[in-house]
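Enquirer: Quick one: the structure is below, and I'll ask about it shortly.
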Amino acid sequence: MSDIRFECPYCGQKIEAPEKLGGTTVACPGCMERLRLPATARPMPKKKSCPDCGATNVMRCEMAYAQGTKTGKISGAMLGADFGANGSITPVIGGGSVGTQSQTIFAQMSAPPKPRMSRKVCWIIGCILLIGLPTLGLGLWYWWSHPQGEASWMVGVLIAGAIFGPALIGYIIAAALGKSADELDHERALFAWQRSWVCLMCGKIFIPADAGEKMPDGI
């Protein structure tokens with residue numbers, strides 16, 4: 001019985017397993033990603049290499065970014081005293097925490113493209129500013145100039161309408177217009193990033209010739 005030989009699509013680690021394990025899910029010994037073994041033994045594909053320096057020490061940009069980005073939290077406490085005008089001393093105890101993030105140079109190079117503000121968000125915010133705020137101002141003026149007992153219910157209606165009405169109008173307009181050019185550009189860049197690899201020797205970002213996924217329709 002021949003062994004199954006294949007390459008991890010995330011980190012490029014060569015993996016061998018008995019053919020009886022074909023079709024099962026295992027953890028890659030290199031990056032610990034969960035992988036499904038091929039059902040039958042087949043020739044191992046050619047290991048990917050950098051087109052510039054020829055090194056085979058390469059990794060998917062997604063994996064390089066995930067492995068090289070570390071987040072944490074720093075917490076601390078403070079003990080002090082507050083001196084009053086009459087000479088009294090009041091203990092002061094405080095504390096807090098702050099989030100931290102560190103990245104390797106390869107994680108910075110392999111970072112995904114930054115998202116763009118969607119057309120829906122722009123239209124919703126714009127309609128609230130152009131329609132909602134004047135409506136809200138009119139409602140507050142009406143409430144101020146009439147007895148509260150007669151107009152209090154209208155205040156709630158106008159405030160709700162000033163927010164949800166323009167937001168719905170903006171959403172409908174943006175949905176009818178479709179995605180903006182910036183959104184489409186970001187989706188194309190993200191699709192390319194998901195297929196890209198980084199050379200851990202020279203830092204070259206490249207898309208392998210065998211990464212022949214078809215770009216989804218609508219991008």
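Enquirer: Every residue in the range 167-179 that is assigned to a helix (DSSP H, G or I) and out of contact with any Cys (no Cβ under 9 Å at 6 or more places or on another chain), please.
Expert: Ile172, Ala175, Ala176, Leu177
Enquirer: Filter the range 78-114 down to the residues that are in a loop (DSSP other than H, G, I, E, B) and modelled with pLDDT of 85 or more, then identify the one that is nearest to Ala174 (Cα to Cα).
Expert: The initial filter retains those residues of the range 78-114 that are in a loop (DSSP other than H, G, I, E, B), namely 84-88, 104, 110-114.
Right, trim to modelled with pLDDT of 85 or more and you get 104, 110-114.
On the way: Thr104: 39, Ser110: 32, Ala111: 29, Pro112: 26, Pro113: 23, Lys114: 21 Å.
For the range 78-114, the residue satisfying everything is Lys114.
Residues are listed down the side, and each one gets a yes or a no for (1) modelled with pLDDT under 80; (2) within 25 Å of Cys11 (Cβ to Cβ); (3) assigned to a helix (DSSP H, G or I):
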{"position": "Tyr142", "(1), (2), (3)": "yes, no, yes"}
{"position": "Val157", "(1), (2), (3)": "yes, no, yes"}
{"position": "Gly165", "(1), (2), (3)": "no, no, yes"}
{"position": "His186", "(1), (2), (3)": "no, no, yes"}
{"position": "Val198", "(1), (2), (3)": "no, yes, no"}
{"position": "Asp210", "(1), (2), (3)": "yes, yes, no"}
{"position": "Met215", "(1), (2), (3)": "yes, yes, no"}
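Enquirer: Could you list all residues from the range 1-54 that are among the basic types (Lys, Arg), at pLDDT 75 or above and within 33 Å of the chain's Cα centre (by Cα)?
Expert: The answer is Lys14, Arg34, Arg36, Lys48.
Enquirer: Please verify whether Ser152 is outside any helix (DSSP H, G or I), among the small types (Gly, Ala, Ser) and modelled with pLDDT under 85, treating the condition exactly as stated.
Expert: For Ser152, the condition - outside any helix (DSSP H, G or I), among the small types (Gly, Ala, Ser) and modelled with pLDDT under 85 - is not met.
The values are calculated or read from the model by the stated rules, or taken from the named source; none is laboratory data. This one's a predicted model, so the numbers in the text were calculated from it and none came from an experiment. Cβ coordinates were reconstructed from backbone atoms using ideal geometry, including for glycine residues, and neighbour counts include every protein chain displayed.
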